[in-house]
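Q: Just dropping this structure here.
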Amino acid sequence: MHERERHRIILSAIQEKPVVTVQDIAELTEASEATIRRDIAALHVQGKLRRVRGGAEAVHPPQQGNLAARPFRVSESVNIDKKRAIARAAVELCEEGDSIIINGGTTTFQMVHFMSARRLQVMTNSFAIAEHLVKHSKCTVSVPGGAIYRDQSLILSPFENDAIRNFYARRMFIGAQGISAHGVMEPDALVIQSEQRLMRQADELIVMVDSSKFNRRSSMILCPLENVSTIITDDGVSEEAVAMLEGAGVKVLTVKPMASPVKEDASSVA
């Protein structure tokens, strides 16, 4: 990852919480801790953040009351080659005319690049996904009611919503903060509440996570593994993780990372 991209991720991450550790940023960028320390020092000199012991903090601390979920712009380019390949495999599971639900996230967002010529019925709580599909696809797009959380590009509400209750899907595609034997994990209660309502409207649950998510944990469980039909991940997933999933009755699809950027076929868009 280039220095400019690491700096963008660091500056976005410190808006997520008051202090971000060197270890946190190293995990996000897949760079060494020594490299991250140099990046933090450079940004400190530029006045873009404050260097603190073991990490960095924002010059202007973020407002309280934000979602615990990581901001969309922080994760968007992390493991992008793996996310593209996972997304392509997910779209290949869809048949023309299918009704599907897609949750908000940077891995699920990559699906839009492979949907330009498809005619699907899509319900999504992702503002970014909805906006892209409306502009660049033939899909019919529905969104639930609620507030827009700009940082995560999510539309969430603590209340039941007719738009969700009246939409039936063959499959729901979701990303996740982490995967363990306990289940699919997410960090925010409001996100979990919203996505559990969406999950009740789908026959089949497809989880899309790159292999790094098997090394991450969260304090909250979105659903147990027994609720998951299929997990799509990259070929870096460990044999132990695959055995754990298959032991729980989950089908595992592995893909090789895509090296080149996705190019949309603009001529196919109505």
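The values are calculated or read from the model by the stated rules, or taken from the named source; none is laboratory data. Predicted model, so just to flag it, every value in this text is computed and none were measured. We place every Cβ from the backbone using ideal geometry, glycine too, and count neighbours over all the protein chains shown. Remember, those area values only see protein heavy atoms, side chains included, never the ligands or the DNA or RNA. Shrake-Rupley method; radii C 1.70, N 1.55, O 1.52, S 1.80 Å.
Q: With respect to residue 267, is the statement that it is modelled with pLDDT under 85 and outside any helix (DSSP H, G or I) true?
A: Here the answer is no, as residue 267 does not meet what is asked.
Q: Shifting gears a bit: Taking segment 96-132, which residues are closer than 17 Å to residue 170 by Cβ and either in a strand (DSSP E or B) or without any contact (Cβ under 8 Å) to a residue 24 or more places away in the chain (or both)?
A: Hits for segment 96-132 are 99, 100, 101, 102, 119, 121, 122, 123, 124.
So that you can scan it fast, the table gives a plain yes or no per residue for (1) more than 20 Å from the chain's Cα centre (by Cα); (2) within 21 Å of residue 177 (Cβ to Cβ); (3) open to solvent by 10 Å² or more (accessible area, probe 1.4 Å):
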site: 2; (1), (2), (3): yes, no, yes
site: 23; (1), (2), (3): yes, yes, yes
site: 30; (1), (2), (3): no, yes, yes
site: 38; (1), (2), (3): yes, no, yes
site: 42; (1), (2), (3): yes, no, yes
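Q: Look through segment 85-105, keep the residues that are more than 14 Å from residue 155 (Cβ to Cβ) and surrounded by 24 or more Cβ atoms within 10 Å (Cβ to Cβ), and return whichever of them is farthest from the chain's Cα centre (by Cα).
A: Out of the qualifying residues, it is 100.
Q: Considering 101, 80, which residue is at pLDDT 90 or above and not polar (S, T, N, Q)?
A: Details: 80 fails: at pLDDT 90 or above.
Checking each option against the conditions leaves just 101.
Q: Also: Inside segment 205-255, can you point out the residues that are among the acidic types (Asp, Glu), at pLDDT 95 or above and open to solvent by less than 20 Å² (accessible area, probe 1.4 Å)?
A: Matches in segment 205-255: 234 only.
Q: I've got another one for you. In segment 132-166, how many residues are under 16 Å from the mean Cα position of the chain (by Cα) and open to solvent by 70 Å² or more (accessible area, probe 1.4 Å)?
A: Qualifying residue count, segment 132-166: 1.
Q: Just the residues that are open to solvent by less than 10 Å² (accessible area, probe 1.4 Å) and either closer than 26 Å to residue 121 by Cβ or in a loop (DSSP other than H, G, I, E, B) (or both), please, taken from segment 177-204.
A: 184, 191, 194, 195, 198
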